[in-house]
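Contents: one structure, followed by commentary.
The values are calculated or read from the model by the stated rules, or taken from the named source; none is laboratory data. As the structure is a computational prediction, the values presented were derived from the model and not from experiment. Don't worry about glycine lacking a Cβ; one is built from the backbone with ideal geometry, like all the others, and counts go over all protein chains shown.
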């Protein structure tokens with residue numbers, strides 16, 4: 001059952017698909033001054049079981065009308081792990097096993113510019129500076145270093161003493177968090193047992209702390225009573241201006257049967273904190289943003305896509321409508337193991353694609369949550385991609401009922417929200433990249 005659930009779930013997500021090999025398997029590159037340093041890369045994806053299609057194009061200005069993405073360049077694969085300056089890093093666009101650097105060249109064509117051959121999918125990636133980046137594999141807890149300018153391997157971080165669950169089929173790092181104040185990298189562990197329903201199989205979350213000065217792991221931060229520290233999108237680390245790190249533990253999504261009055265703290269979403277200068281969690285800091293937003297009575301609490309804005313404010317997708325009776329019925333069947341394959345598919349169609357969530361502003365200091373007026377109800381579980389550039393955040397919104405399939409812009413200073421483009425053909429709006437990085 002779990003393999004079927006994961007298959008359905010992964011068909012609706014974009015997860016980077018790279019891994020590592022030796023230095024000899026890299027294709028070095030040199031900086032290209034003619035690459036575009038302004039403008040935007042926009043992508044979309046059409047989902048089909050085992051046969052997704054991808055489209056991406058370069059735009060000098062942000063579109064404000066309907067886009068037919070089938071007129072843009074097609075790709076066999078297009079998954080973004082992170083951005084650095086005017087380049088993005090992710091999967092090989094030809095579907096091969098490689099970790100690649102992607103740019104818009106002088107002609108405005110979206111192209112690869114350097115790659116590192118790999119043997120597995122990537123779990124996460126982050127670029128620290130012109131000479132150092134890191135990435136991990138989807139099936140392993142090694143942390144690999146690379147040069148983002150030349151796209152060459154630089155060896156591995158010494159992870160001696162790290163936390164793993166050897167009996168679980170998968171241990172990996174899905175999100176890297178870089179804290180520049182002390183040049184440390186934080187790597188939350190994802191661990192999965194294929195024999196259970198949920199996507200995370202531990203009752204605590206674990207974050208490895210890496211000193212990038214020595215290239216060694218120095219500590220493991222543990223928070224008991226929390227699950228699944230996973231954020232989708234272009235590696236959205238939530239680090240405020242002082243250096244406090246905030247992590248959204250997403251809980252179990254109700255997949256473990258602990259819903260409503262049976263729900264435990266660990267099975268529900270929580271925002272947690274690693275204070276500036278510390279290698280461990282603040283045990284006195286934890287709050288459920290769904291409860292803070294006024295939907296604590298929902299049987300299943302959903303909070304995804306936490307992204308930092310500015311001045312102690314972050315943004316996430318939260319429950320925004322009352323429970324659908326049919327969802328509750330299907331969840332009960334799933335929890336008791338009586339759901340048929342057709343009912344599981346129906347449940348995931350309702351939960352993943354159904355418009356049940358909405359973007360909210362999370363005040364990390366007051367531990368409050370307020371929905372953003374002017375944004376629609378969205379299918380926030382599967383799609384919550386958001387990215388901050390300068391004093392604005394760009395939020396993906398998908399609502400098939402209202403024919404919304406694109407991005408909204410929120411200005412922190414003016415508190416104004418406006419709808420940007422919507423994609424009329426070519427699948428689901430996926431990535432929005434500002435090549436100026438601001």
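Would you mind stating whether residue 251 is more than 19 Å from residue 179 (Cα to Cα) and surrounded by fewer than 16 Cβ atoms within 10 Å (Cβ to Cβ)?
Working: more than 19 Å from residue 179 (Cα to Cα): yes; surrounded by fewer than 16 Cβ atoms within 10 Å (Cβ to Cβ): no.
So residue 251 fails the test.
Looking at 181, 194, 198, which one is under 23 Å from residue 255 (Cβ atoms), out of contact with any strand residue (DSSP E or B) (no Cβ under 7 Å at 6 or more places or on another chain) and touching a residue at least 60 places away in the same chain (Cβ under 8 Å)? Before the answer, list the steps.
Working: 181 fails: under 23 Å from residue 255 (Cβ atoms); 198 fails: touching a residue at least 60 places away in the same chain (Cβ under 8 Å).
Matching residue, one of 181, 194, 198: 194.
Residues in the stretch 42-51: is at least one within 20 Å of the chain's Cα centre (by Cα), assigned to a loop (DSSP other than H, G, I, E, B) and surrounded by fewer than 20 Cβ atoms within 10 Å (Cβ to Cβ)? Show your work before the answer.
Taking the stretch 42-51 and keeping what is within 20 Å of the chain's Cα centre (by Cα), we get 42-47.
Those left that are additionally assigned to a loop (DSSP other than H, G, I, E, B): 47.
Keeping just the survivors that are surrounded by fewer than 20 Cβ atoms within 10 Å (Cβ to Cβ) gives 47.
Within the stretch 42-51, one or more residues are within 20 Å of the chain's Cα centre (by Cα), assigned to a loop (DSSP other than H, G, I, E, B) and surrounded by fewer than 20 Cβ atoms within 10 Å (Cβ to Cβ).
Among the numbered criteria (1) modelled with pLDDT under 90; (2) in contact with a strand residue (DSSP E or B) (Cβ under 6 Å, 6 or more places away or on another chain), which one does residue 331 miss?
Single failed check for residue 331: (2).
Tell me the residue from 322, 289 that is touching a residue at least 12 places away in the same chain (Cβ under 8 Å) and within 24 Å of the chain's Cα centre (by Cα), please. Give the derivation first.
Working: 322 fails: within 24 Å of the chain's Cα centre (by Cα).
Every option except 289 fails the conditions.
Exactly one condition in (1) touching a strand residue (DSSP E or B) at 6+ places or on another chain (Cβ under 9 Å); (2) over 14 Å from residue 229 (Cα atoms) is not met by residue 311; state its number.
(1)
Tell me whether the stretch 128-136 contains one or more residues that are over 26 Å from residue 171 (Cβ atoms), modelled with pLDDT under 95, in contact with a strand residue (DSSP E or B) (Cβ under 6 Å, 6 or more places away or on another chain) and surrounded by fewer than 24 Cβ atoms within 10 Å (Cβ to Cβ). Break it down stepwise before answering.
We begin by selecting, within the stretch 128-136, every residue over 26 Å from residue 171 (Cβ atoms); these are 129-131.
Now drop any that are not modelled with pLDDT under 95, which leaves none.
No; the residues of the stretch 128-136 include none that is over 26 Å from residue 171 (Cβ atoms), modelled with pLDDT under 95, in contact with a strand residue (DSSP E or B) (Cβ under 6 Å, 6 or more places away or on another chain) and surrounded by fewer than 24 Cβ atoms within 10 Å (Cβ to Cβ).
Run down 271, 344 and say which single residue is modelled with pLDDT of 90 or more and touching a helix residue (DSSP H, G or I) at 6+ places or on another chain (Cβ under 8 Å).
On the way: 344 fails: modelled with pLDDT of 90 or more.
Answer to the selection: 271.
Which one of these is under 21 Å from the mean Cα position of the chain (by Cα) and crowded, with 22+ Cβ neighbours inside 10 Å: 90, 95?
On the way: 95 fails: crowded, with 22+ Cβ neighbours inside 10 Å.
Being under 21 Å from the mean Cα position of the chain (by Cα) and crowded, with 22+ Cβ neighbours inside 10 Å holds for just one of 90, 95, which is 90.
Quick check, is residue 160 more than 23 Å from the chain's Cα centre (by Cα) and farther than 26 Å from residue 193 by Cβ?
Against the criterion (more than 23 Å from the chain's Cα centre (by Cα) and farther than 26 Å from residue 193 by Cβ), residue 160 does not qualify.
I'd like the full set of residues that are modelled with pLDDT of 85 or more and not in a loop (DSSP other than H, G, I, E, B), limited to the stretch 27-41.
Step one: list which residues in the stretch 27-41 are modelled with pLDDT of 85 or more, which gives 34-41.
Answer for the stretch 27-41, where residues must be modelled with pLDDT of 85 or more and not in a loop (DSSP other than H, G, I, E, B): 40, 41.
Check whether at least one residue in the stretch 211-232 is assigned to a strand (DSSP E or B), closer than 16 Å to residue 126 by Cβ and within 20 Å of the chain's Cα centre (by Cα), and report yes or no.
Keep residues of the stretch 211-232 that are assigned to a strand (DSSP E or B), which gives 211, 216-224.
Filter again for closer than 16 Å to residue 126 by Cβ, leaving 211, 217.
Keeping just the survivors that are within 20 Å of the chain's Cα centre (by Cα) gives none.
Within the stretch 211-232 (the criterion being assigned to a strand (DSSP E or B), closer than 16 Å to residue 126 by Cβ and within 20 Å of the chain's Cα centre (by Cα)), the answer is no, since none of the residues qualifies.
Name the residues in the stretch 211-248 that are in contact with a helix residue (DSSP H, G or I) (Cβ under 7 Å, 6 or more places away or on another chain) and either surrounded by fewer than 21 Cβ atoms within 10 Å (Cβ to Cβ) or at pLDDT 95 or above (or both), would you? Can you show your working first?
First, the residues of the stretch 211-248 that are in contact with a helix residue (DSSP H, G or I) (Cβ under 7 Å, 6 or more places away or on another chain): 225-227.
Listed by number, the list holds a single entry, 225.
Restricting attention to the stretch 333-350, and to residues there that are part of a helix (DSSP H, G or I) and without any contact (Cβ under 8 Å) to a residue 40 or more places away in the chain, which single residue is farthest from residue 398 (Cα to Cα)? Step through it out loud before you land on a result.
Within the stretch 333-350, the subset part of a helix (DSSP H, G or I) is 333-336, 341-350.
If we keep only those that are without any contact (Cβ under 8 Å) to a residue 40 or more places away in the chain as well, we get 333, 342-343, 346-347, 349-350.
Working: 333: 27, 342: 24, 343: 23, 346: 18, 347: 18, 349: 13, 350: 13 Å.
Out of the qualifying residues, it is 333.
So which residues in the stretch 351-375 are in contact with a strand residue (DSSP E or B) (Cβ under 6 Å, 6 or more places away or on another chain) and in a loop (DSSP other than H, G, I, E, B)?
Of everything in the stretch 351-375, those that are in contact with a strand residue (DSSP E or B) (Cβ under 6 Å, 6 or more places away or on another chain) and in a loop (DSSP other than H, G, I, E, B) turn out to be 355, 364, 367, 372, 374, 375.
Would you mind stating whether residue 329 is surrounded by fewer than 19 Cβ atoms within 10 Å (Cβ to Cβ) and part of a strand (DSSP E or B)? Spell out how you get there, then give the answer.
Details: surrounded by fewer than 19 Cβ atoms within 10 Å (Cβ to Cβ): yes; part of a strand (DSSP E or B): no.
For residue 329, the condition - surrounded by fewer than 19 Cβ atoms within 10 Å (Cβ to Cβ) and part of a strand (DSSP E or B) - is not met.
Within the bounds of the stretch 415-430, is there any residue that is exposed (fewer than 14 other Cβ atoms within 10 Å of the Cβ), in a strand (DSSP E or B) and in contact with a strand residue (DSSP E or B) (Cβ under 8 Å, 6 or more places away or on another chain)?
Step one: of the stretch 415-430, the residues exposed (fewer than 14 other Cβ atoms within 10 Å of the Cβ) are 415-416, 418.
When the remaining residues are screened for being in a strand (DSSP E or B), the result is 418.
Adding the requirement that they be in contact with a strand residue (DSSP E or B) (Cβ under 8 Å, 6 or more places away or on another chain) leaves 418.
For the stretch 415-430, residues exposed (fewer than 14 other Cβ atoms within 10 Å of the Cβ), in a strand (DSSP E or B) and in contact with a strand residue (DSSP E or B) (Cβ under 8 Å, 6 or more places away or on another chain): present.
For the stretch 356-364, state whether one or more residues are more than 19 Å from the chain's Cα centre (by Cα), surrounded by fewer than 20 Cβ atoms within 10 Å (Cβ to Cβ) and in contact (Cβ under 8 Å) with a residue 24 or more places away in the chain.
There is at least one residue in the stretch 356-364 that is more than 19 Å from the chain's Cα centre (by Cα), surrounded by fewer than 20 Cβ atoms within 10 Å (Cβ to Cβ) and in contact (Cβ under 8 Å) with a residue 24 or more places away in the chain.
For the stretch 280-300, give me the residue count where each residue is farther than 27 Å from residue 328 by Cβ and crowded, with 20+ Cβ neighbours inside 10 Å. Full working, then the answer.
The first filter runs over the stretch 280-300 and keeps only residues farther than 27 Å from residue 328 by Cβ, leaving 280-285.
Still in the running and crowded, with 20+ Cβ neighbours inside 10 Å: 281.
So the answer is 1.
List the strands (runs of 3 or more DSSP E) inside the stretch 155-210, counting only whole elements, that have at least 2 residues being modelled with pLDDT of 95 or more.
Details: elements: 170-173, 177-179, 184-192.
Fully inside the stretch 155-210 and qualifying: 177-179, 184-192.
Which residues, taken from the stretch 292-319, are under 19 Å from the mean Cα position of the chain (by Cα) and under 13 Å from residue 356 (Cα atoms)?
Residues satisfying the conditions are 301, 302, 303, 304, 317, 318, 319.
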